[in-house]
1. Give the range 269-289 a look and list any residue that's assigned to a loop (DSSP other than H, G, I, E, B) and either closer than 19 Å to GLY247 by Cβ or at pLDDT 85 or above (or both), or say none.
2. Just one of ILE14, ILE48 is at pLDDT 90 or above, within 24 Å of VAL136 (Cβ to Cβ) and within 24 Å of the chain's Cα centre (by Cα); which is it?
3. Just the residues that are over 11 Å from the mean Cα position of the chain (by Cα) and buried (at least 23 other Cβ atoms within 10 Å of the Cβ), please, taken from the range 174-198.
4. Does SER53 qualify as being of a type in the set (Ser, Thr, Tyr), in contact (Cβ under 8 Å) with a residue 12 or more places away in the chain and within 21 Å of LEU143 (Cβ to Cβ)?
5. Out of ALA315, ALA337, I need the residue that is assigned by TED's automatic domain parsing to the domain that holds SER255 and modelled with pLDDT under 85. Which one?
6. Taking the options GLY226, GLY222, GLY163, name whichever one is part of a helix (DSSP H, G or I) and within 16 Å of the chain's Cα centre (by Cα).
7. So which strands (runs of 3 or more DSSP E) stay within the range 49-140 end to end and still have 2 or more residues that are among the small types (Gly, Ala, Ser)?
8. Would you pick out the residues in the range 20-39 that are assigned to a helix (DSSP H, G or I) and either among the aliphatic types (A, V, I, L, M) or surrounded by fewer than 21 Cβ atoms within 10 Å (Cβ to Cβ) (or both)?
Amino acid sequence: MTPTELGRYLSALIAGHVTHAVMIWGPAGIGKSSIVAQCASTNGLEIIDVRLSQLAPTDLRGLPVPDGNVSRWLPPEFLPTSGEGVLFLDELNMAPPTMQGVAQQLILDRKVGSYRLPDRWLVWAAGNRKEDRATVFEMPAPLANRFLHLDVQPDLDSFLRFGVNGGLDERLAAFLGFRPQLLHAIDAKRPAWPSPRSWMMASRLLVEALDIAPAVGEAAAGEFDGFCAVYDALPDLDAIVEGHADGAAFPDEPSARYALVGGLAARANDAERAMSALRWLTSRAQAEWVQLFVGDVSVRLRERGMLGALADMAARDRDFARFAADYASLTGHGPAAL
């Protein structure tokens with residue numbers, strides 16, 4: 001499933017009061033932990049993030065303390081005692097077998113030592129797979145059999161949707177639309193390589209006008225620099241979304257087209273600006289580029305609650321109506337999202 005589908009699935013589990021333990025599998029850097037945290041926050045749940053690989057068995061089981069003629073286990077302070085939330089066991093299969101054994105009791109029986117997990121707390125976990133070149137331990141079969149297993153893969157649309165709210169640099173968004181293969185590309189020979197997590201790091205570096213190679217690697221950074229040269233030579237994108245660029249031409253080179261469409265989508269932060277860009281594109285660009293813009297801008301406007309306003313404006317626009325009719329005659333349906 002995609003990261004977006006994962007968020008929906010987890011929210012459905014919460015809404016349905018499904019308390020089965022969940023194990024989320026996927027390569028490093030695709031945002032598993034962020035999705036869990038965002039899902040818990042959206043649903044009003046507390047989240048406690050426990051990295052089992054950094055703990056010793058006594059850190060989770062607690063310490064024995066004397067109580068008269070017997071010893072009792074004093075549980076750690078980070079385990080919840082009331083309320084409702086998600087106990088998130090991140091990097092579960094990076095923990096050694098002895099630690100997984102202690103966690104197994106917590107996951108299977110919802111207790112460890114004298115501690116019992118409150119009824120309204122969920123147990124979710126995440127980990128990388130061996131094929132992701134991660135250093136992990138085999139999960140014991142009895143433990144694995146108690147989980148709902150969710151396999152998550154990198155997905156550009158999900159990342160761009162997240163990036164809208166996370167302040168992703170518009171040039172990076174346009175570049176990844178042109179080179180989606182670089183969204184997640186593990187390089188076993190280099191410490192820095194492209195992933196959704198490292199692209200967000202790169203976006204922060206761009207704010208400070210710093211080189212992004214330390215985040216995504218030299219090769220990806222070099223491609224991005226070349227793309228930026230194309231991006232800087234584009235027509236005035238602000239003029240287009242403001243409806244003042246009638247004489248500007250749609251570029252011929254594919255990378256420039258991706259850059260232009262991505263740049264327009266990034267600037268179309270309300271229905272009026274999006275409609276201006278849409279009119280400009282429908283008068284100059286082939287249908288696939290209009291469709292690409294509609295897909296990109298719909299993500300941004302949906303997050304702001306403005307997609308319906310754009311759809312209403314498009315329905316009343318004669319030129320767009322003519323384009324939509326021609327598009328439908330070729331494909332059997334209208335432009336997606338509108």
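1. ASP270, SER283, ARG284, ALA285, GLN286
2. ILE48
3. Answer for the range 174-198, where residues must be over 11 Å from the mean Cα position of the chain (by Cα) and buried (at least 23 other Cβ atoms within 10 Å of the Cβ): ALA174, PHE175, LEU176, HIS184, PRO194.
4. Judged against the criteria, SER53 is a match.
5. ALA315
6. Exactly one of GLY226, GLY222, GLY163 is part of a helix (DSSP H, G or I) and within 16 Å of the chain's Cα centre (by Cα), namely GLY163.
7. By residue number, 121-127.
8. Within the range 20-39, SER33, SER34, ILE35, VAL36, ALA37, GLN38 qualify.
The values are calculated or read from the model by the stated rules, or taken from the named source; none is laboratory data. Note that the structure is predicted; figures quoted are calculated from it, not measured. All Cβ positions, even for glycine, are placed from backbone atoms using ideal geometry, and neighbour counts span all protein chains on display.
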